[in-house]
Every structure is written in structure tokens, then in C-alpha cells.
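Trainee: What follows is a single structure, and I will ask about it in a moment.
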Amino acid sequence: MLSPGFYTKANPTPSDSPTDISGYSGANIIVQALNYINANSGTQFTLVLGSDIHHTGSVLQFNKDLVTLTITSNDTTERKIFKENSEALFRIGSTIQASSLRSTLVIDGHVTLVGNTLSGTLIDIRWGGSLDLKGNATLKGNTSSGNGAAISAHGSSIPVTITMSGDAVIEDNIVQATLTSYGGAVYLVGSTLTMSGNAVIRNNRVETTTSAHGGGVCVSADSSLIMNGGEISGNYSIANSDSSAGAFGGGVAIRTDGGFTMNSGKITGNYANQTGLARDAYGGGVYISNYAASVFAVLNGTVKANIKNNTVTAPTASYGPQVYKSANGVFTVGGVADVTY
């Protein structure tokens, strides 16, 4: 068993001793660890939690290039990091589009990030940043008025990469807004999310009084979702409006220049629900927008059969309970063009 504390290396062993960071300012050990990283040399760091953390201060971030911080637990007991501010809990990468901070945050072991209802995403990833969710890492329980209640990623010319593997979970997050909104759990711009193993994105929701896109994941400009395993299930895209609005993609919405490659995994039990009187709902499982560069490629018919039991409802018309393909969007199974179903 690892001793709780801060280590100036990757993959510490039980024979290693933590580094004393008590001399660094901060209301909790995460803040102290980040202050140490920002003030010292080194590229690989590990923070082992032996208790819960309540973070009330400003966004947690490290401002150095080529740095990796792994946050894990000292045993199989769940260790929670509570977001108790009104902005992001963590920020990774550069906030300036013309530059990059190629920093990586790894959440491993039995660590859970717990959100609140004060707005702000859990993890804000910017140009050059990377996030790796592995082990039993969990992002849960956050409500935001912005896009992507659990993860909001913006990369474009300097890409962002996100991986989910092992038994990682993103669950019970909500985007609730009066404007058109995207990604109840995850919002991708210029970013790539790769899912494998038993990773799950479940029971998230985007709910607006205009247009709602992607209850689980919204794949937007120059972004990719690659599903090599795992599950996207029980997510909702809900539009509560009588005006020009609609609900798009209960599980996944593929927007302008977005791509989704499904090699394995399941998409099941998701809902696109338009409750207003004037518009429709599209794609209970997956929605493909009306652009030639909006592509959903499924490996074969066996994988396609795992897109099932999704639902789309609306007072006027609803289209594609499993997959909805707009006229110019691209949907292929085994390399062959397919249609809304």
C-alpha cells in the first residue's frame, strides 16, 4: 500500500517516501502540490490521496510545459475531491490559443471528482492539455450552465486528447441552460476522446429552452470520438421550448466537422426528447448533423447491433431512435453507406 502524500516521480512504490510539501502554501494538499510543481523542476509527479478533499478556492492548474500529474488513492477506498467553487475544478493546458502547455492530468485508482450546482465544468481542458481517466476514476454530480458539465475541451490547431479506460465513469452530470447547449457530460472542440475497456458515460443530461445537443457527448468542430469499448447509456438531450429548437442526439451528437468511429462498445438506453410544440427530435442514440464532414463510421454489423434501445420523442415528429443521419451527413457500417433507423 502506498503512503498518502506527494511523490516527485511516476508510479511510486510502497518503499518510496513522499516529499514534504508542507512548506508550500495552499488550503489543501492539491494546492500545495501544484505550487510545488510550478516552482520546481521535474516532469512526473504523483499525488496519493488517503482522505477526501474539499476545494473552495480558484481553479486548480499547473502552468508548466510537459508535466504529468497523477492523482490516485492509497487503497481501494473511494477518495473524493469535492468541487466547492463556481468555476472549473481543474484546468489543463494553455488558455491562450496561440500557445500550448502540454500538460497531462491522470486520475487513477479510486478517485472521484464530485461537482456541485454552482456552474463551471469539472475539468476544463485547453490547447495542448491531456486528460487520462483510468482505474476506477469517476467524474460525477456536476451541474453547469455552460457546455460539457464534466469535461469541456477546446483544442483546434493545438489538439486536446482525452482517454477513458479501465472502469472509468462519467455520470450524473447536467448542462442546464436557456441558450443552445452542447454535451451533458463531454463537449469536444478540436479534441479527441478515446474510450476503451469498461469505461462508461451514463445518466448525463443536456437540457435547455432552445436546442440541446448530445446528452452524453457532443463532438463538434475538428473533433473525434473513438469508441474501442465501453458504453454510452442512459443519457438525455432535452429541449423544452415552443420556439425554433430541437433535441439532437441523446447519447452522442456529431456536429460540424465532427467524427465518431465506433469499433466496439454499446450505445443504449439514451433519449432525445423535444417537449415544446414547434420542433422535432433527432437521434435517440446518435445524431449526425447536416455536413459532409460529419461522419459516423461503425466497424461492422455486429457493432451496429449494440446501438439499441434508444428513444426519440417529440410532439410534432421524431426521427431515428437509434441513429439519425442528416441529408449531407455520413453514416457507414463496414465502409458501406447506411441510413437513419
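Trainee: Determine which single condition A272 fails, assuming it passes every other condition in (1) out of contact with any helix residue (DSSP H, G or I) (no Cβ under 8 Å at 6 or more places or on another chain); (2) surrounded by fewer than 20 Cβ atoms within 10 Å (Cβ to Cβ); (3) touching a residue at least 40 places away in the same chain (Cβ under 8 Å); (4) in a strand (DSSP E or B).
Mentor: (2)
Trainee: Considering A221, A212, which residue is in the same structural domain as D167 (by TED's automatic domain parsing) and either not aliphatic (A, V, I, L, M) or not in a loop (DSSP other than H, G, I, E, B) (or both)?
Mentor: A212 is the lone residue from the list that is in the same structural domain as D167 (by TED's automatic domain parsing) and either not aliphatic (A, V, I, L, M) or not in a loop (DSSP other than H, G, I, E, B) (or both).
Trainee: I'm trying to understand the selection: among the residues of segment 82-109, which are hydroxyl-bearing (S, T, Y), in contact with a Lys or Arg (Cβ under 8 Å, 6 or more places away or on another chain) and touching a residue at least 40 places away in the same chain (Cβ under 8 Å)?
Mentor: S94, S103
Trainee: Can you tell me which residue among T121, T112, T46, T56 is surrounded by 17 or more Cβ atoms within 10 Å (Cβ to Cβ), within 23 Å of S25 (Cα to Cα) and in contact (Cβ under 8 Å) with a residue 12 or more places away in the chain?
Mentor: T46
Trainee: Taking the conditions exactly as written (at pLDDT below 95 and of a type in the set (D, E, K, R)), does D65 satisfy them or not?
Mentor: yes
Trainee: State whether the residues of segment 295-305 include one that is touching a helix residue (DSSP H, G or I) at 6+ places or on another chain (Cβ under 6 Å) and buried (at least 21 other Cβ atoms within 10 Å of the Cβ).
Mentor: Looking for residues that are touching a helix residue (DSSP H, G or I) at 6+ places or on another chain (Cβ under 6 Å) and buried (at least 21 other Cβ atoms within 10 Å of the Cβ), one finds at least one in segment 295-305, hence yes.
Trainee: Tell me, which residue of segment 306-341 that is over 22 Å from the mean Cα position of the chain (by Cα), among the polar types (S, T, N, Q) and surrounded by 20 or more Cβ atoms within 10 Å (Cβ to Cβ) is nearest to S241 (Cα to Cα)?
Mentor: S318
Trainee: Regarding segment 34-42, can at least one residue be identified that is within 18 Å of the chain's Cα centre (by Cα) and either outside any loop (DSSP other than H, G, I, E, B) or over 28 Å from G146 (Cα atoms) (or both)?
Mentor: No, segment 34-42 contains no residue that is within 18 Å of the chain's Cα centre (by Cα) and either outside any loop (DSSP other than H, G, I, E, B) or over 28 Å from G146 (Cα atoms) (or both).
The values are calculated or read from the model by the stated rules, or taken from the named source; none is laboratory data. Quick caveat, the model's predicted, so the values are computed rather than measured. Backbone-built Cβ (ideal geometry, glycine too); neighbour counts: all protein chains shown.
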